[in-house]
1. So, of the residues in the stretch 101-140 that are of a type in the set (Asp, Glu) and not in a helix (DSSP H, G or I), which turns out to be modelled with the lowest pLDDT?
2. Applying the selection to the stretch 111-142, what residues are touching a residue at least 40 places away in the same chain (Cβ under 8 Å) and out of contact with any helix residue (DSSP H, G or I) (no Cβ under 9 Å at 6 or more places or on another chain)?
3. Looking only at the stretch 57-100, filter to residues that are among the acidic types (Asp, Glu) and not in a strand (DSSP E or B); which one of those is surrounded by the most Cβ atoms within 10 Å (Cβ to Cβ)?
4. For the stretch 74-110, name all the residues that are over 24 Å from Ala60 (Cβ atoms) and touching a helix residue (DSSP H, G or I) at 6+ places or on another chain (Cβ under 7 Å).
Amino acid sequence: MTETGQRTVVRLVAPVFVLAAATVVFLLVFAVLFGLNGPPLGEALADAALFGALAGLDLAMLRVRIVAAPSAVVLHNLVSVTRLPLTSVARVGTEEGLTFEALDGQTYRTIACQSSVLGGLTGYRRANRLAEQLRPVFEPDPAASELPEKRRTLVLVWLVLGGALVGALLCLFARLVFAGG
């Protein structure tokens with residue numbers, strides 16, 4: 001799904017990155033503390049694995065983005081990547097977050113700019129700003145034959161499981177090395 005000339009229109013980074021970094025640091029501190037003088041090893045491993053899974057979920061949020069390529073808009077969500085050919089998008093909506101309505105009537109959303117109570121009260125300013133950035137890219141063609149393509153990804157699963165494993169291993173490492181088993 002890579003094309004030359006593509007540019008990332010929006011990426012969730014600022015608050016999510018800080019949260020992910022804080023969670024990873026929190027995980028490291030807790031894993032080491034639990035390993036050194038925490039509860040019994042089984043509980044310590046379970047707690048460290050839970051913190052690791054949460055850190056993996058936070059890191060998965062860093063993948064969320066909208067990419068505008070020359071022939072398509074690609075929506076990278078937590079568990080799916082949706083490629084919307086420019087010719088298949090009938091409308092970009094902002095009534096409930098940022099939505100893409102395909103010519104076949106299907107509506108596609110992105111977690112990067114989803115519906116919320118606060119967004120409803122403020123008029124979805126972020127969604128409107130992103131839609132304005134994207135509108136010049138689209139040239140709907142009713143005769144287009146290319147359809148949107150959605151595929152599932154396992155990145156979220158691997159990040160959560162990997163985080164759980166890292167948390168448990170940090171706890172075990174701290175218990176074995178620093179506390180002497």
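The values are calculated or read from the model by the stated rules, or taken from the named source; none is laboratory data. In this text the structure is predicted, and so the values were computed from the model without any measurement. Every residue, glycine as well, gets a Cβ built from its backbone with ideal geometry; the counts of neighbours run over all protein chains shown.
1. Quick first cut of the stretch 101-140, residues of a type in the set (Asp, Glu) only: 101, 104, 132, 139.
If we keep only those that are not in a helix (DSSP H, G or I) too, we end up with 101, 104, 139.
On the way: Glu101: 90, Asp104: 86, Glu139: 55.
Checking each candidate, the answer is Glu139.
2. Residues satisfying the conditions are Gln133, Leu134, Arg135.
3. Filtering the stretch 57-100 for residues that are among the acidic types (Asp, Glu) and not in a strand (DSSP E or B), the one surrounded by the most Cβ atoms within 10 Å (Cβ to Cβ) comes out as Asp58.
4. Scanning the stretch 74-110 gives Leu86, Val92, Thr94, Ala102, Leu103.
Residues are listed down the side, and each one gets a yes or a no for (1) over 23 Å from the mean Cα position of the chain (by Cα); (2) basic (Lys, Arg); (3) at pLDDT below 80:
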position: Leu27; (1), (2), (3): no, no, yes
position: Leu36; (1), (2), (3): yes, no, yes
position: Leu41; (1), (2), (3): yes, no, yes
position: Leu50; (1), (2), (3): no, no, yes
position: Asp58; (1), (2), (3): no, no, yes
position: Asn77; (1), (2), (3): no, no, no
